[in-house]
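Single-structure report; data block below.
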Amino acid sequence: MVDYKANKEKMMANWWQSTLGQAVLTQQQEKLHSLNRYFHGYYQLQLGCMQSILPPTSRPSQQKIMANSADVEGRDEALPFKCHSLDLLLLNHVLEFSADPHQVLREAERVLVADGTLILCNFNPWSLWGLRCLLSWQDQPPWQGKFYRQTRIKDWLSLLNFEIIASKKLFFSPPIQSAKWLSRFSFMERWGKRLWPFWAGTTILVATKRTIPLTPVTQRWQARKLFPSGTFVHKPAANKVLKRKI
């Protein structure tokens, strides 16, 4: 099992170095640079590939990568960090290749500080990428992964008290390895954002961890009267008749 997982990670690492993988990383890095206002905090960690796509920050920070032979080694489903220790966590196509994506998100919620930032890069199943995933051999990267709908990922995040604060769509060209043909389909990148954003090959979600305060709300206690006030007490009509006779 360990050898199989290590083999998958090695195959995926090789794919990121391919023409198509580098094209995806380049577009994601450019888009993340435009979202650098969300990259705050001192401890920032990237999962998913050894090539860093974290945008540089002007403030002092530690940006690390967790992967084989990288800065940190560990399992995505059991991150080797203390609770509430990271300010920002970038999951670069981690959910698609995880055996337990729910546990990955639970671990992300655990290690992030209050109001920490979670960034997810995912392949879109409702795109040419999803279509090729259905028609390709499932043992080749990245087609052996499971592509999740954006609405489903948002539901998972909401259950963990994450709030989506930004969403970006990119890579509208077909998933082909030829650099020559990718350049020919560059017009789809220009028009895809306007005409068919739903069919983007890759999506980026930026979420922040919201903490619900558990401080009880005190209410002023007021003593209730057991009986109504005298203005609402009516004397029996028989008493009035007796008084008149007397």
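The values are calculated or read from the model by the stated rules, or taken from the named source; none is laboratory data. Since this is a predicted model, take the numbers as computed values, not measurements. Cβ atoms come from the backbone with ideal geometry, glycine included; neighbour counts cover every protein chain shown.
Tabulated results
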item	result
Filter result for SER173 (of a type in the set (S, T, N, Q) and outside any loop (DSSP other than H, G, I, E, B))	no
Hits in the stretch 155-179 - residues which are touching a strand residue (DSSP E or B) at 6+ places or on another chain (Cβ under 6 Å) and surrounded by fewer than 16 Cβ atoms within 10 Å (Cβ to Cβ)	GLU163, ILE165, ALA166, SER167
Every pair of residues 6+ apart whose Cβ atoms lie under 7 Å, when the first sits in the stretch 153-174 and is over 15 Å from GLN103 (Cα atoms) while the second is assigned to a loop (DSSP other than H, G, I, E, B) and at pLDDT 95 or above	none
Of residues in the stretch 112-127 being surrounded by fewer than 21 Cβ atoms within 10 Å (Cβ to Cβ) and either in contact (Cβ under 8 Å) with a residue 40 or more places away in the chain or assigned to a strand (DSSP E or B) (or both), the one nearest to the chain's Cα centre (by Cα)	ASP115
Candidates PHE187, PHE232, PHE172, PHE198, filtered to the one that is aromatic (Phe, Trp, Tyr) and modelled with pLDDT under 75	PHE232
Flag for ALA166 being among the small types (Gly, Ala, Ser) and either assigned to a helix (DSSP H, G or I) or modelled with pLDDT under 85 (or both)	no
Matching residues, the stretch 142-163, being in a loop (DSSP other than H, G, I, E, B) and not hydrophobic (A, V, I, L, M, F, W, C)	PRO142, GLN144, GLY145, LYS146, TYR148, ARG149, ASN161
